[in-house]
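Structure first, then comments.
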Amino acid sequence: MTSNPAAAQRLRDLARLRRVRDRIDREYAQPLDVEALARGAHMSAGHLSREFRLAYGESPYSYLMTRRIERAMALLRRGDLSVTEVCFAVGCASLGTFSTRFAELVGMPPSAYRQQAAQATAGMPPCVAKQVTRPVRNREAPAGEPPLD
């Protein structure tokens, strides 16, 4: 460990943030909100959001929605569930919010993705299909703009 108290506190905060991210990865289908995540990490919601964004480049909510959309993409590729069933299976409570966020990240509505993905990944092992079709976080941000410092 280090003798610098600020550095030691930063390491403890990073460990807590990693546990929050791991919880989101595990419990993405559960009703999670920033307040509940913050309580579990013994932080205020505002502090968690600021620190999470500094560490991972996006808010906890955005990270959660990306996890949900990734899982939704896999379920839609299977083709045996409706878009509404997929929406609720991944933990979204609103079909409208789910469809909007899906379209932002993937570039098309979930119904269109379901039709295209079934054809595009036919015969492809699921592990390869997951990697090839993975959404790019922050795709909705304009390309080519300089990063904010």
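The values are calculated or read from the model by the stated rules, or taken from the named source; none is laboratory data. All values reported here derive from a predicted model rather than from experimental measurement. Please note: Cβ atoms are built from the backbone with ideal geometry, for glycine as well, and neighbour counts cover all protein chains shown. Remember, those area values only see protein heavy atoms, side chains included, never the ligands or the DNA or RNA. Shrake-Rupley method; radii C 1.70, N 1.55, O 1.52, S 1.80 Å.
Does any residue of region 126-137 turn out to be at pLDDT below 90, under 26 Å from Arg10 (Cα atoms) and outside any helix (DSSP H, G or I)? Yes: one or more hits.
Checked against (1) at positive phi; (2) open to solvent by less than 50 Å² (accessible area, probe 1.4 Å), Ser59 meets all criteria but (1). So which residues in region 35-48 are touching a residue at least 24 places away in the same chain (Cβ under 8 Å) and open to solvent by 60 Å² or more (accessible area, probe 1.4 Å), if there are any at all? The answer is His42, and nothing else. For Glu51, indicate whether it is surrounded by 12 or more Cβ atoms within 10 Å (Cβ to Cβ) and assigned to a helix (DSSP H, G or I). Yes. Here Ala120 clears all of (1) at pLDDT below 75; (2) crowded, with 18+ Cβ neighbours inside 10 Å; (3) not basic (Lys, Arg) except the condition numbered (2). The lone criterion from (1) closer than 22 Å to Asp25 by Cβ; (2) within 17 Å of the chain's Cα centre (by Cα); (3) at pLDDT below 95 left unmet by Ala141 is number (1). Screening Arg77, Arg67 for residues that are open to solvent by less than 50 Å² (accessible area, probe 1.4 Å), in a helix (DSSP H, G or I) and touching a Phe, Trp or Tyr at 6+ places or on another chain (Cβ under 6 Å) leaves exactly one candidate, Arg67. Remark: pairs (first residue in region 4-31, without any contact (Cβ under 8 Å) to a residue 24 or more places away in the chain; second residue open to solvent by 40 Å² or more (accessible area, probe 1.4 Å) and assigned to a helix (DSSP H, G or I); Cβ separation under 7 Å; 6+ apart in sequence or on different chains) = Arg23/Gly40.
I'm told Arg26 meets every condition in (1) closer than 21 Å to Ala72 by Cβ; (2) open to solvent by less than 100 Å² (accessible area, probe 1.4 Å) except one. Can you identify the failing condition by its number? Every listed condition holds for Arg26 apart from (2).
Selection over region 90-102 of residues that are assigned to a helix (DSSP H, G or I) and out of contact with any helix residue (DSSP H, G or I) (no Cβ under 8 Å at 6 or more places or on another chain) gives a count of 3.
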